[in-house]
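Single-structure report; data block below.
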Amino acid sequence: MENTSNAMWKRLNYHVQNAVRYHVRILSIVKEAQVIFHLPLLLMFAITLYLLCLQVYRASSLPISDVRVVVIVIEAATAFFPILMVCYYGEELGFNSQEVGNAAYQLDFVGTDTRFQKSLIMIIRQSQSTNRIKAGGMIELSMETTVWMLQAAFSAYMMLRTINAP
């Protein structure tokens, strides 16, 4: 019986180690991407926010029936699309890093070797800290950030409109 339990542990341990190695490689890639891209991403966010504010303000000064409004909307959407894509994949990274812990929790581990159960606990504990890339080390790449950018652009537009009101 002990021999069967030990063989089962070795097999489970082999698969856990492979999963952990794979996850650690992903985390190292995320950290490397953070180091390389945090400043360019911050610059991209700042420029896009500035462009959105200007485009909304320009569009508001034209009559709605003017064809230039359509061009301005297309320009704003084109400027915003890269931010949307980056934030979407940042959201996916955070979601999938949490799913590692959920998958470990949903395993039927009752009756398995206690060493395997302890390994699962460590995996779950590690996955509770969400992995996200941050622009400039402060702005998380998430869909929440996308909504924040749209709100900030509209707020800046309202401020410009209030300042320039007759």
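Of ARG161, ARG68, ARG115, which residue is over 30 Å from HIS23 (Cβ atoms), part of a helix (DSSP H, G or I), basic (Lys, Arg) and at pLDDT below 85? Write out each step before concluding.
Details: ARG68 fails: at pLDDT below 85; ARG115 fails: over 30 Å from HIS23 (Cβ atoms).
None of the other options fit; the residue is ARG161.
So if I check each of VAL20, VAL35, VAL100, VAL24, which one is part of a helix (DSSP H, G or I), farther than 27 Å from ILE121 by Cβ and among the β-branched types (Val, Ile, Thr)? Quick ask: steps written out before the conclusion?
Numbers: VAL20 fails: farther than 27 Å from ILE121 by Cβ; VAL100 fails: farther than 27 Å from ILE121 by Cβ; VAL24 fails: farther than 27 Å from ILE121 by Cβ.
Exactly one residue qualifies, and that residue is VAL35.
If PHE109 satisfies all but one of (1) modelled with pLDDT of 85 or more; (2) farther than 27 Å from PRO40 by Cα, what's the number of the condition it fails?
In the conditions (1) modelled with pLDDT of 85 or more; (2) farther than 27 Å from PRO40 by Cα, PHE109 misses (1) alone.
Take the residues in the stretch 69-81 that are of a type outside the set (Phe, Trp, Tyr) and surrounded by 12 or more Cβ atoms within 10 Å (Cβ to Cβ); name whichever of them is farthest from MET44 (Cα to Cα).
Of the residues in the stretch 69-81, the ones of a type outside the set (Phe, Trp, Tyr) are 69-79.
Now drop any that are not surrounded by 12 or more Cβ atoms within 10 Å (Cβ to Cβ), which leaves 69, 71-73, 75-77, 79.
Details: VAL69: 24, VAL71: 22, ILE72: 19, VAL73: 19, GLU75: 15, ALA76: 14, ALA77: 14, ALA79: 10 Å.
It comes out as VAL69.
Can you tell me which residue is surrounded by the fewest Cβ atoms within 10 Å (Cβ to Cβ) among those in the stretch 82-120 that are hydroxyl-bearing (Ser, Thr, Tyr) and closer than 26 Å to ALA153 by Cα?
Just the residues of the stretch 82-120 that are hydroxyl-bearing (Ser, Thr, Tyr), to begin with: 88-89, 97, 105, 112, 114, 119.
Among the residues that remain, those that are also closer than 26 Å to ALA153 by Cα are: 88-89.
Working: TYR88: 14, TYR89: 12.
Out of the qualifying residues, it is TYR89.
Hey, any hits in the stretch 3-23 for a residue that's of a type outside the set (Val, Ile, Thr), more than 27 Å from SER119 (Cβ to Cβ), under 22 Å from the mean Cα position of the chain (by Cα) and exposed (fewer than 13 other Cβ atoms within 10 Å of the Cβ)? Steps first, please.
Just the residues of the stretch 3-23 that are of a type outside the set (Val, Ile, Thr), to begin with: 3, 5-15, 17-19, 21-23.
Subsequent filtering for residues that are more than 27 Å from SER119 (Cβ to Cβ) retains none.
Within the stretch 3-23, none of the residues are of a type outside the set (Val, Ile, Thr), more than 27 Å from SER119 (Cβ to Cβ), under 22 Å from the mean Cα position of the chain (by Cα) and exposed (fewer than 13 other Cβ atoms within 10 Å of the Cβ).
Looking at the stretch 54-91 only, could you name the residues that are closer than 23 Å to PHE37 by Cα and in contact (Cβ under 8 Å) with a residue 40 or more places away in the chain?
Passing the criteria: PHE80, ILE83, LEU84, VAL86, CYS87, TYR88, TYR89, GLY90, GLU91.
Taking the criterion of being among the hydroxyl-bearing types (Ser, Thr, Tyr) and either under 30 Å from PHE80 (Cβ atoms) or surrounded by 11 or more Cβ atoms within 10 Å (Cβ to Cβ) (or both), would at least one residue in the stretch 24-33 satisfy it?
Scanning the stretch 24-33, I find no residue that is among the hydroxyl-bearing types (Ser, Thr, Tyr) and either under 30 Å from PHE80 (Cβ atoms) or surrounded by 11 or more Cβ atoms within 10 Å (Cβ to Cβ) (or both), so the answer is no.
In the stretch 51-64, is there at least one residue being of a type in the set (Phe, Trp, Tyr) and under 24 Å from the mean Cα position of the chain (by Cα)?
no
Does any residue in the stretch 92-103 that is within 17 Å of LYS134 (Cβ to Cβ) come within less than 6 Å, Cβ to Cβ, of a residue that is among the basic types (Lys, Arg) six or more places away or on a different chain, and which pairs are these?
Within 6 Å, the pairs are GLY94/ARG132.
Scan the stretch 124-145 residue by residue and report those that are buried (at least 19 other Cβ atoms within 10 Å of the Cβ) and either part of a helix (DSSP H, G or I) or in contact with an Asp or Glu (Cβ under 7 Å, 6 or more places away or on another chain) (or both).
SER127, SER142, THR145, listed by residue number.
Which ones in the stretch 41-53 are in contact (Cβ under 8 Å) with a residue 60 or more places away in the chain and aliphatic (A, V, I, L, M)?
Of the residues in the stretch 41-53, the ones in contact (Cβ under 8 Å) with a residue 60 or more places away in the chain are 41-42, 44-45, 48-49, 52-53.
Passing the criteria: LEU41, LEU42, MET44, LEU49, LEU52.
The values are calculated or read from the model by the stated rules, or taken from the named source; none is laboratory data. In this text, all values refer to a predicted model and were calculated from it rather than measured experimentally. Cβ coordinates were reconstructed from backbone atoms using ideal geometry, including for glycine residues, and neighbour counts include every protein chain displayed.
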